[in-house]
Amino acid sequence: FTNVRLVIWGPSQRLAVAITALASTTLYTHLTAAPNSPATVTAAQPADPTNLAIVWTSGDPDVAHRMTLMYTAAANKNEWFTNVRLVIWGPSQRLAVADKDIRAKIEQLAAAGVTVEACLACADSYGIAEDLRAIEGVEVKYMGQPLTRFLKSTEWSVMTY
């Protein structure tokens with residue numbers, strides 16, 4: 001990867017200080033290394049992706065309501081990206097099936113043009129594939145290869161909650 005960003009939000013912010021200190025020290029070492037040494041960093045031009053894939057894995061309803069679904073709706077409504085995709089993966093799947101308000105919001109997102117997908121492997125492991133398919137606008141399929149394509153593409157930004 002040539003361009004990786006880490007955004008720390010909410011309770012994880014306390015950990016950010018330690019990570020920032022370590023990253024700053026490591027980056028300083030790489031940037032001040034002698035030319036042609038293994039530690040030299042070459043700056044790449046960042047891509048200007050037009051598509052956003054949001055990978056939602058958290059089973060925390062607060063994360064769903066206050067971050068994942070809120071940002072997904074805003075990115076789509078405000079056309080911050082040409083295409084917005086929500087991938088429901090892992091523990092978030094159980095929450096999507098169990099919480100009627102979250103389920104309704106997912107259906108609203110799909111109706112507004114967000115592509116909504118759920119990982120079949122996880123859904124099968126939880127025994128809820130049919131429950132996810134019952135949410136209007138959700139396509140349930142294997143997501144390993146599509147996610148890998150998003151991660152390798154300069155046309156996609158990938159966020160994970």
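The values are calculated or read from the model by the stated rules, or taken from the named source; none is laboratory data. These numbers were taken from a predicted model, which means no experiment stands behind them. Backbone-built Cβ (ideal geometry, glycine too); neighbour counts: all protein chains shown. Keep in mind that these areas ignore ligands, DNA and RNA; they rest on the heavy atoms of the full protein, side chains included. Shrake-Rupley method; radii C 1.70, N 1.55, O 1.52, S 1.80 Å.
Give the lysines reachable from Lys152 as a straight Cα distance under 21 Å; neighbours fewer than 8 places away on the same chain don't count. Within reach: Lys141.
Straight-line cross-link reach from Lys105 at under 12 Å between alpha-carbon atoms covers these aspartates and glutamates, not counting any fewer than eight positions away in the same chain: Glu136. Summing charges over neighbours of Thr82, with a neighbour being any other residue whose Cβ is under 13 Å away from its Cβ, gives -2 when K and R count +1 and D and E count -1. In segment 57-161, the inverse of the mean reciprocal separation of distinct Cα atoms equals 13.7 Å; this is its Kirkwood hydrodynamic radius. Annotation: peptides 82-92, 150-160, ranked by per-residue average of other Cβ atoms within 10 Å with the highest first, follow the order 82-92, 150-160.
Computed over protein heavy atoms with a 1.4 angstrom probe, the accessible surface ordering of Met143, Met67, largest first, is Met67, Met143. Amide H to amide H distances under 5 Å link Tyr142 with Leu120, where only residues 5 or more positions off or on other chains count and H is placed in the peptide plane.
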